[in-house]
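Below is one structure, written out as structure tokens, with a few remarks after it.
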Amino acid sequence: MFAADIRIATLEQLRAIGVGHVGGTMSICDLIACLYGGVMNINPANPKWEQRDRFIMSKGHAGPAMYSALALRGYFAYEELLTINRLGTRLPSHTDMNKTPGVDMTTGSLGQGFSSALGIAMGCRAKKLSNYVYVLLGDGECEEGQIWECAMFAPAKKLTNLIGFVDYNRLQICGTVEEVAGLKDIGGKFAAFGWHTVEVQDGNDVEQIMDAISQAKAVKDRPSMIILNTKKGKGCCFAEDVFNHNMVVSAENADRAIAQLKAYKETL
């Protein structure tokens, strides 16, 4: 239910601006629903609460899904979603910690969010906090060399408070991931660097995601990386099974997709 609400809110944002990263935003809505729907220890009334869990959207262009969850959880008024990417907004197209309540790191330059997450995890540990730091990577983003520097660094520093996710939807801006560079066994790669890895067969299934997070939290000697096999555009009728990265969002298509999601909610 929460994932459907996030998708609806995200489509309302993108309809308001007329364009956006539909595919890679929709593919992560189920994960965002898990994190903001109960997994993370957060306090919307106090976004800077020191004991909070942190979430870093390293694939910062998927920020609209995060904004939806933040609004639905009460970090700011729902109506503010319609200001996305407009002059003076607190909701830029990529996440910005200096503007948006609830955003813990500014991201958008792919790869850098992962480094930031590692630094935040080290800082939290130095302060003896008992929280978790969660970070979401795109599969195309995993072609960045910086990702693999982080992959080597985190296990070496035993960052057991760090849980990462890869949105493995197999499509990026200029083709399929395999055509561009090829990740092959990405879980095996992280495991070779010393990570505990879990592969979620259906990365858009909330129960499977929750189970993987529980497995990761049970590991106390190394960081964990959860590979989510997702579908780009999941739950959006005009973007599923269509190659897209950043696309025009017409009011007609958005309204049709929102209507279908609302109908789906009634069956739950």
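Any idea which of (1) surrounded by fewer than 15 Cβ atoms within 10 Å (Cβ to Cβ); (2) without any contact (Cβ under 8 Å) to a residue 40 or more places away in the chain; (3) within 20 Å of the chain's Cα centre (by Cα) is the one A218 doesn't satisfy?
Only one criterion in (1) surrounded by fewer than 15 Cβ atoms within 10 Å (Cβ to Cβ); (2) without any contact (Cβ under 8 Å) to a residue 40 or more places away in the chain; (3) within 20 Å of the chain's Cα centre (by Cα) is unmet by A218, namely (3).
What residue, among those in the range 79-130 that are of a type in the set (A, V, I, L, M) and over 22 Å from D53 (Cβ atoms), is farthest from the chain's Cα centre (by Cα)? Working first, answer last.
Here is the first cut: in the range 79-130, the residues of a type in the set (A, V, I, L, M) are 81-82, 84, 87, 91, 97, 103, 105, 110, 117-118, 120-122, 126, 129.
If we keep only those that are over 22 Å from D53 (Cβ atoms) too, we end up with 81-82, 84, 87, 110.
Details: L81: 17, L82: 20, I84: 18, L87: 25, L110: 13 Å.
Selected residue: L87.
When you scan the range 31-39, do you find a residue that is within 24 Å of G140 (Cβ to Cβ) and either in contact with a Cys (Cβ under 8 Å, 6 or more places away or on another chain) or modelled with pLDDT under 95 (or both), even just one?
no
I need every pair where a residue in the range 11-39 that is closer than 16 Å to D202 by Cα has its Cβ under 7 Å from the Cβ of a residue that is of a type in the set (D, E) and part of a strand (DSSP E or B), sequence separation at least 6 or different chains.
Listed pairs, sorted by first residue: G24/D167; S27/D167; I28/D167.
Would you check which residues across the range 1-47 are in contact with a Lys or Arg (Cβ under 7 Å, 6 or more places away or on another chain) and among the polar types (S, T, N, Q) and list them?
Result: S27, N41, N43.
I'd like the full set of residues that are open to solvent by 10 Å² or more (accessible area, probe 1.4 Å) and either assigned to a helix (DSSP H, G or I) or polar (S, T, N, Q) (or both), limited to the range 9-27.
E12, R15, A16, I17
I need the full set of residues from the range 155-197 which are under 19 Å from the mean Cα position of the chain (by Cα) and over 14 Å from G138 (Cα atoms), in order please.
Selection gives N161, L162, I163, F190, T197.
Can you tell me how many residues within the range 156-167 are in contact with a strand residue (DSSP E or B) (Cβ under 9 Å, 6 or more places away or on another chain) and either modelled with pLDDT under 95 or under 20 Å from C124 (Cα atoms) (or both)?
Of all residues in the range 156-167, those in contact with a strand residue (DSSP E or B) (Cβ under 9 Å, 6 or more places away or on another chain) come to 159-167.
Then keep just the ones that are either modelled with pLDDT under 95 or under 20 Å from C124 (Cα atoms) (or both); that gives 159-165.
Number satisfying all stated conditions: 7.
Out of all the residues in the range 125-134, is one or more under 23 Å from H61 (Cβ atoms), aromatic (F, W, Y) and buried (at least 22 other Cβ atoms within 10 Å of the Cβ)? First the steps, then the outcome.
Filtering the range 125-134 for residues under 23 Å from H61 (Cβ atoms) gives 133-134.
Then keep just the ones that are aromatic (F, W, Y); that gives 134.
Now narrow it down to the ones that are buried (at least 22 other Cβ atoms within 10 Å of the Cβ): 134.
For the range 125-134, residues under 23 Å from H61 (Cβ atoms), aromatic (F, W, Y) and buried (at least 22 other Cβ atoms within 10 Å of the Cβ): present.
Assess whether R15 counts as being in contact with a Gly (Cβ under 7 Å, 6 or more places away or on another chain) and farther than 19 Å from D96 by Cα. Lay out the reasoning, then the answer.
Values: in contact with a Gly (Cβ under 7 Å, 6 or more places away or on another chain): no; farther than 19 Å from D96 by Cα: yes.
The answer is no for R15.
If I filter the range 37-67 down to residues being assigned to a helix (DSSP H, G or I) and surrounded by fewer than 24 Cβ atoms within 10 Å (Cβ to Cβ), which single residue comes out as nearest to the chain's Cα centre (by Cα)?
First pass over the range 37-67, keeping only residues assigned to a helix (DSSP H, G or I): 37-39, 60-67.
Going one step further and asking which of them are surrounded by fewer than 24 Cβ atoms within 10 Å (Cβ to Cβ), we end up with 37-39, 61.
Values: G37: 13, G38: 15, V39: 14, H61: 10 Å.
Going through the qualifying residues, I end up with H61.
Considering only residues that are in contact with a Lys or Arg (Cβ under 9 Å, 6 or more places away or on another chain), modelled with pLDDT of 95 or more and surrounded by fewer than 23 Cβ atoms within 10 Å (Cβ to Cβ), which ones fall in the range 105-117?
Once the filter is applied, which keeps residues that are in contact with a Lys or Arg (Cβ under 9 Å, 6 or more places away or on another chain), modelled with pLDDT of 95 or more and surrounded by fewer than 23 Cβ atoms within 10 Å (Cβ to Cβ), the range 105-117 yields M105, T106.
Name the pairs: first residue in the range 170-199 and more than 30 Å from D221 (Cβ to Cβ), second residue part of a strand (DSSP E or B) and modelled with pLDDT of 85 or more, Cβ to Cβ under 9 Å, at least 6 apart or on different chains?
Filtered contacts from the range 170-199: R170/N229; Q172/G138; V177/Y168.
Which of the residues belonging to the range 241-251 are exposed (fewer than 12 other Cβ atoms within 10 Å of the Cβ) and farther than 17 Å from T10 by Cβ?
Passing the criteria: only D241.
Of all residues in the range 223-237, which are in a loop (DSSP other than H, G, I, E, B) and crowded, with 18+ Cβ neighbours inside 10 Å? Spell out how you get there, then give the answer.
Let us first name the residues in the range 223-237 that are in a loop (DSSP other than H, G, I, E, B), namely 223, 230-237.
Once the filter is applied, which keeps residues that are in a loop (DSSP other than H, G, I, E, B) and crowded, with 18+ Cβ neighbours inside 10 Å, the range 223-237 yields P223, T230, K231, K232, G233, K234, G235, C236.
Let me confirm something: among L72, L81, L91, L87, which residue is surrounded by 24 or more Cβ atoms within 10 Å (Cβ to Cβ) and not polar (S, T, N, Q)?
Details: L72 fails: surrounded by 24 or more Cβ atoms within 10 Å (Cβ to Cβ); L81 fails: surrounded by 24 or more Cβ atoms within 10 Å (Cβ to Cβ); L87 fails: surrounded by 24 or more Cβ atoms within 10 Å (Cβ to Cβ).
None of the other options fit; the residue is L91.
Out of the range 194-215, which residues are open to solvent by less than 70 Å² (accessible area, probe 1.4 Å), under 14 Å from Y134 (Cβ atoms) and assigned to a helix (DSSP H, G or I)?
If the condition is that a residue be open to solvent by less than 70 Å² (accessible area, probe 1.4 Å), under 14 Å from Y134 (Cβ atoms) and assigned to a helix (DSSP H, G or I), then I209, A212, I213 are the ones that fit.
The values are calculated or read from the model by the stated rules, or taken from the named source; none is laboratory data. The structure displayed is predicted, hence computed values, not measured ones. Quick reminder, even Gly has a Cβ in these numbers, built from the backbone with ideal geometry, and neighbours come from all protein chains shown. Accessible surface is based on the protein model in full, side chains and every heavy atom, while ligands, DNA and RNA are left aside. Shrake-Rupley method; radii C 1.70, N 1.55, O 1.52, S 1.80 Å.
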